[in-house]
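Student: Structure below; questions to follow.
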Amino acid sequence: MNAATLSGGPADRSMTWSLRAARLMGWASFGLAVAFVAAPGRIARTFGLEGKENLIRSFGAQEAMAGISVLSTEVTPAMWSRAAGDVIHIGTLATGLRTDDSRQHRNVVVGLAALAGFLLVDSLIAAKLGSERTRSRGEARDYSGRSGFPKGRPSAASASAAERQQARQPAMAAG
Amino acid sequence: MKALVWHGKEDIRYDTVPDPEIEDDRDAIIKVTSCAICGSDLHLFHNFIPAMKPGDIMGHEMMGEVVEVGRGVTKLRKGERVVIPFTINCDECDQCRRGNFSLCERSNRNKALADKVFGHTTAGLFGYTHLTGGYSGGQADYLRVPFADGTHIKVPDSLTDEQALFLGDIFPTGWQAAVQCDIQRSDVVAVWGAGPVGQMAVRSALILGARKVVTIDRLKERLDMAAAAGSETIDFEEESVVERLNELTDGKGPDKCIDAVGLEAHAASHLDSMMDRMKQMTMTANDRAHVLREMIYVCRGGGTLSIPGVYSGLVDKIPFGMAMNKGLTFRMGQTHVRRWTDDLTRRIEEGEIDPSFVITHSETLDQGPGMYRTFRNKQDSCVKVVLKP
Ligand SMILES: NC(=O)c1ccc[n+]([C@@H]2O[C@H](COP(=O)([O-])OP(=O)(O)OC[C@H]3O[C@@H](n4cnc5c(N)ncnc54)[C@H](O)[C@@H]3O)[C@@H](O)[C@H]2O)c1
Ligand SMILES: [Zn+2]
Ligand SMILES: [Zn+2]
């Protein structure tokens, strides 16, 4: 097994499947953010969350932040925080189960199932990203023989003042 | 031909692209025999350096054989073996004549943009941002070398590719970092970062006569490699860097400090670097400056900070008052590669140093994108990757 396969993914592409999936979830966050900010009333009515419009709007900001951070280089912690966001959404949506409206009740159940799916996917991606980026794959190799000095280490005395001067002001090659 | 192509953040692919052609009388084309992945490539990989474009060919450490020369080229012939410095040099402008090769005033074809962004243009660079000309890089089968008369280092037959390749970047970079320190016989030199640049800086400081060199990193295999040259080591995840450095210098602090880390400094447990990371995560700041802050704090008064590590934009919360009052000297820059390479080629030939010690992985070019991951993730004890087209 060569080193490239070691870090989990095709060798001729630097992006792994998990990173691509994470990017997709990042863009999904932006989509959700727009929905939360643009149509909080409609979302509240669909899921029996009337009166929680402001909370729903604030989720918009949270999702936008999640999207930005998933697209940054700190993608593993960002995916875990997306998963934490899913848990918060599940908690909020679950309060909608108290509704008397059977249509709303059905929507909440469907919504909860979808969110559980998101939570699972986000967690799987985060875990996969974390594992493919840990260093602990492969034994630490021994480099104690790599001095780089074929004739032995230089001693402070071997660098003469003249040589240091020459290093500081080499003859210009140009001109 | 085949090449490693930048498509976006963390997205590098092994693609088929058009072969390069002579575009100007002063161009040459080389067939690449060896190239490498540099720490600077990781900054591009992470999109921390602005003005990359999808389709850009990566790579600025490369060597090979001349296969074609333009009519205006007088110092190179077909068949010659050359290392290409990462800085493109016209050899005629005022900066080139002063030996300030990374500041060539003519080789950046996006000079107007660079003048606006930097105040004054810097040299054209291979496989780097469009701010430095957007020239195609050498992680490819072939490379077009503009201003070929000034932009090559001839390789003596006695040296292997592995021994010569790093003359184009990391060896002179570590060397210039040490030279900038004006090392005196009594000096303790501290080097942050035991990556390839740090490894070269450690050995250069020793050759230039430092009394003691101390290397700081968190990766055991890299610290071991620095120790193999005779450096003391500090694992910054296990020990306090400031305390240990003071201990090793009888409380005085290192006389000279080298930052071979750059803008992606890592230090999970310090508040300042957590703030930097948060800012990067929310894309409100670019550079993580933990090492710079630590150097300013721990350096002995009157000392020198030498900074080969790359920074790209605005750096937040630098204790400049501390630096001023301690009378510190700051020296930095992209390396003036050819200023040093005659001397360094001789040192390799004479067996004083063999830069190939740093190579831990050698693969074919098609494995390149995967090797970016391995190098970035510091897996499999990876220190330096060489790729063979
Ligand atoms: N000036 C130039 O012309 C020039 C040329 C080549 C490379 N560079 C720059 O030099 C830097 C190093 O390059 P490299 O190839 O060695 O890269 P690298 O990424 O392999 O090495 C960086 C090392 O720094 C260590 N590090 C991270 N945070 C640290 C901290 N807080 N304290 C101590 N060590 C820390 C990392 O563990 C790693 O080993 C990069 O910024 C690169 O862009 C500059
Ligand atoms: Zn480089
Ligand atoms: Zn010039």
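Student: Looking for whichever is part of a helix (DSSP H, G or I), open to solvent by less than 40 Å² (accessible area, probe 1.4 Å), modelled with pLDDT of 95 or more and within 14 Å of another protein chain (Cβ to nearest Cβ) here; the options are A:66, A:22, A:83. Which one fits?
Tutor: Numbers: A:66 fails: modelled with pLDDT of 95 or more; A:83 fails: within 14 Å of another protein chain (Cβ to nearest Cβ).
None of the others qualify; the one that does is A:22.
Student: Next up: For the structure I just gave you, tell me whether residue A:151 is within 14 Å of another protein chain (Cβ to nearest Cβ), part of a helix (DSSP H, G or I) and open to solvent by 40 Å² or more (accessible area, probe 1.4 Å).
Tutor: Numbers: within 14 Å of another protein chain (Cβ to nearest Cβ): yes; part of a helix (DSSP H, G or I): no; open to solvent by 40 Å² or more (accessible area, probe 1.4 Å): yes.
Spelling it out, it is not the case that residue A:151 is within 14 Å of another protein chain (Cβ to nearest Cβ), part of a helix (DSSP H, G or I) and open to solvent by 40 Å² or more (accessible area, probe 1.4 Å).
Student: Now for a separate question. Which of the residues spanning region B:253-286 are in a loop (DSSP other than H, G, I, E, B) and modelled with pLDDT of 70 or more? Quick ask: steps written out before the conclusion?
Tutor: The initial filter retains those residues of region B:253-286 that are in a loop (DSSP other than H, G, I, E, B), namely B:253-255, B:260-263, B:265-270, B:282-286.
B:253, B:254, B:255, B:260, B:261, B:262, B:263, B:265, B:266 - these are the residues of region B:253-286 that are in a loop (DSSP other than H, G, I, E, B) and modelled with pLDDT of 70 or more.
Student: Go through the residues of region B:32-39 one by one and say whether even a single one is closer than 26 Å to residue B:288 by Cα, within 15 Å of ligand 2 (Cβ to nearest atom) and not in a strand (DSSP E or B). Steps first, answer last, please.
Tutor: Pass one, region B:32-39, residues closer than 26 Å to residue B:288 by Cα: B:36-39.
Narrowing the set further to residues that are within 15 Å of ligand 2 (Cβ to nearest atom) leaves B:36-39.
From what's left, not in a strand (DSSP E or B): B:38-39.
Yes, there is a match, as at least one residue in region B:32-39 is closer than 26 Å to residue B:288 by Cα, within 15 Å of ligand 2 (Cβ to nearest atom) and not in a strand (DSSP E or B).
Student: Continuing with the same structure: Select, from B:301, B:333, B:351, the only residue that is away from ligand 2 (no atom under 16 Å from the Cβ), more than 20 Å from residue B:226 (Cβ to Cβ) and open to solvent by 20 Å² or more (accessible area, probe 1.4 Å). It would help to see each step written out before you state the result.
Tutor: On the way: B:333 fails: away from ligand 2 (no atom under 16 Å from the Cβ); B:351 fails: open to solvent by 20 Å² or more (accessible area, probe 1.4 Å).
Selected residue: B:301, the only one of B:301, B:333, B:351 that is away from ligand 2 (no atom under 16 Å from the Cβ), more than 20 Å from residue B:226 (Cβ to Cβ) and open to solvent by 20 Å² or more (accessible area, probe 1.4 Å).
Student: Among the residues of region B:363-389, which ones are assigned to a helix (DSSP H, G or I) and either in contact with a Ser or Thr (Cβ under 8 Å, 6 or more places away or on another chain) or open to solvent by less than 10 Å² (accessible area, probe 1.4 Å) (or both)?
Tutor: Within region B:363-389, the first condition is being assigned to a helix (DSSP H, G or I), and the residues that meet it are B:365-376.
B:365, B:368, B:369, B:370, B:371, B:372, B:373, B:374, B:375, listed by residue number.
Student: Has region B:205-221 got any residue that is surrounded by 18 or more Cβ atoms within 10 Å (Cβ to Cβ) and within 16 Å of ligand 2 (Cβ to nearest atom)?
Tutor: Within region B:205-221, not a single residue is surrounded by 18 or more Cβ atoms within 10 Å (Cβ to Cβ) and within 16 Å of ligand 2 (Cβ to nearest atom).
Student: Now for a different question. Say we look at region A:119-136 and pick out the residues that are charged (D, E, K, R) and open to solvent by less than 70 Å² (accessible area, probe 1.4 Å); which of these is farthest from the other protein chains (Cβ to nearest Cβ)? Before you say what the answer is, go through the steps one by one.
Tutor: Step one: filter region A:119-136 for residues charged (D, E, K, R), giving A:122, A:128, A:132-133, A:135.
Retained after the next criterion (residues that are open to solvent by less than 70 Å² (accessible area, probe 1.4 Å)): A:122, A:132-133.
Values: A:122: 17, A:132: 8, A:133: 5 Å.
If we take residues in region A:119-136 being charged (D, E, K, R) and open to solvent by less than 70 Å² (accessible area, probe 1.4 Å), then A:122 is farthest from the other protein chains (Cβ to nearest Cβ).
Student: Kindly provide the set of residues from region B:29-50 that are away from ligand 1 (no atom under 16 Å from the Cβ) and either within 10 Å of another protein chain (Cβ to nearest Cβ) or not β-branched (Val, Ile, Thr) (or both), ordered by number. Before you say what the answer is, go through the steps one by one.
Tutor: First, the residues of region B:29-50 that are away from ligand 1 (no atom under 16 Å from the Cβ): B:29-34.
If the condition is that a residue be away from ligand 1 (no atom under 16 Å from the Cβ) and either within 10 Å of another protein chain (Cβ to nearest Cβ) or not β-branched (Val, Ile, Thr) (or both), then B:31, B:34 are the ones that fit.
Student: Additional query: Mind telling me which of the residues B:185, B:77, B:97 ends up being away from ligand 2 (no atom under 15 Å from the Cβ) and either under 17 Å from residue B:59 (Cα atoms) or outside the structural domain of residue B:21 (by TED's automatic domain parsing) (or both)?
Tutor: When all the criteria are applied, what remains is B:185.
Student: Mind checking which residues of region B:60-96 are within 16 Å of ligand 1 (Cβ to nearest atom), within 14 Å of chain A (Cβ to nearest Cβ) and assigned to a loop (DSSP other than H, G, I, E, B)?
Tutor: B:85, B:88, B:89
Student: Count, please, the residues in region B:41-59 that happen to be open to solvent by less than 20 Å² (accessible area, probe 1.4 Å) and either assigned to a helix (DSSP H, G or I) or small (Gly, Ala, Ser) (or both).
Tutor: The total comes to 6.
Here's the yes/no breakdown for (1) under 15 Å from the mean Cα position of the chain (by Cα); (2) facing another protein chain (nearest Cβ under 10 Å); (3) open to solvent by 10 Å² or more (accessible area, probe 1.4 Å):
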{"position": "B:154", "(1), (2), (3)": "no, no, yes"}
{"position": "B:160", "(1), (2), (3)": "no, no, yes"}
{"position": "B:165", "(1), (2), (3)": "yes, no, no"}
{"position": "B:227", "(1), (2), (3)": "no, yes, yes"}
{"position": "B:233", "(1), (2), (3)": "no, no, yes"}
{"position": "B:238", "(1), (2), (3)": "no, no, yes"}
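Student: Residue B:169 is checked against (1) within 11 Å of another protein chain (Cβ to nearest Cβ); (2) touching a Pro at 6+ places or on another chain (Cβ under 9 Å); (3) acidic (Asp, Glu) and fails just one. What number does that condition carry?
Tutor: Result: residue B:169 passes all but (1).
Student: Taking the condition in contact (Cβ under 8 Å) with a residue 24 or more places away in the chain, open to solvent by less than 50 Å² (accessible area, probe 1.4 Å), of a type outside the set (Phe, Trp, Tyr) and at negative phi, does residue A:11 pass?
Tutor: On the way: in contact (Cβ under 8 Å) with a residue 24 or more places away in the chain: no; open to solvent by less than 50 Å² (accessible area, probe 1.4 Å): yes; of a type outside the set (Phe, Trp, Tyr): yes; at negative phi: yes.
Against the criterion (in contact (Cβ under 8 Å) with a residue 24 or more places away in the chain, open to solvent by less than 50 Å² (accessible area, probe 1.4 Å), of a type outside the set (Phe, Trp, Tyr) and at negative phi), residue A:11 does not qualify.
Student: If you don't mind, there's one more thing I want to ask. Please verify whether region A:88-99 includes one or more residues that are farther than 15 Å from residue A:32 by Cα, within 14 Å of chain B (Cβ to nearest Cβ) and surrounded by 17 or more Cβ atoms within 10 Å (Cβ to Cβ). Give the steps one after another, and end with the answer.
Tutor: Of the residues in region A:88-99, the ones farther than 15 Å from residue A:32 by Cα are A:91-92, A:94-99.
Subsequent filtering for residues that are within 14 Å of chain B (Cβ to nearest Cβ) retains none.
The answer is no; no qualifying residue exists.
Student: Based on this model, can you work out whether residue B:122 counts as over 23 Å from residue B:372 (Cα atoms) and within 16 Å of ligand 2 (Cβ to nearest atom)? Write out each step before concluding.
Tutor: On the way: over 23 Å from residue B:372 (Cα atoms): yes; within 16 Å of ligand 2 (Cβ to nearest atom): yes.
Against the criterion (over 23 Å from residue B:372 (Cα atoms) and within 16 Å of ligand 2 (Cβ to nearest atom)), residue B:122 qualifies.
Student: It is to be established whether one or more residues within region B:19-28 are over 27 Å from residue B:360 (Cα atoms), away from chain A (no Cβ under 14 Å), acidic (Asp, Glu) and within 16 Å of ligand 3 (Cβ to nearest atom).
Tutor: Yes.
Student: Considering region B:111-149 alone, what residues qualify as being on the phi > 0 side of the Ramachandran plot and either among the charged types (D, E, K, R) or within 16 Å of ligand 3 (Cβ to nearest atom) (or both)?
Tutor: If the condition is that a residue be on the phi > 0 side of the Ramachandran plot and either among the charged types (D, E, K, R) or within 16 Å of ligand 3 (Cβ to nearest atom) (or both), then B:133, B:147 are the ones that fit.
The values are calculated or read from the model by the stated rules, or taken from the named source; none is laboratory data. Small disclaimer: the values here were computed from a predicted structure and weren't measured. All Cβ positions, glycine included, derive from the backbone under ideal geometry; neighbour counts span all protein chains shown. Heavy atoms of the whole protein, side chains included, go into the accessibility calculation; ligands, DNA and RNA do not. Shrake-Rupley method; radii C 1.70, N 1.55, O 1.52, S 1.80 Å.
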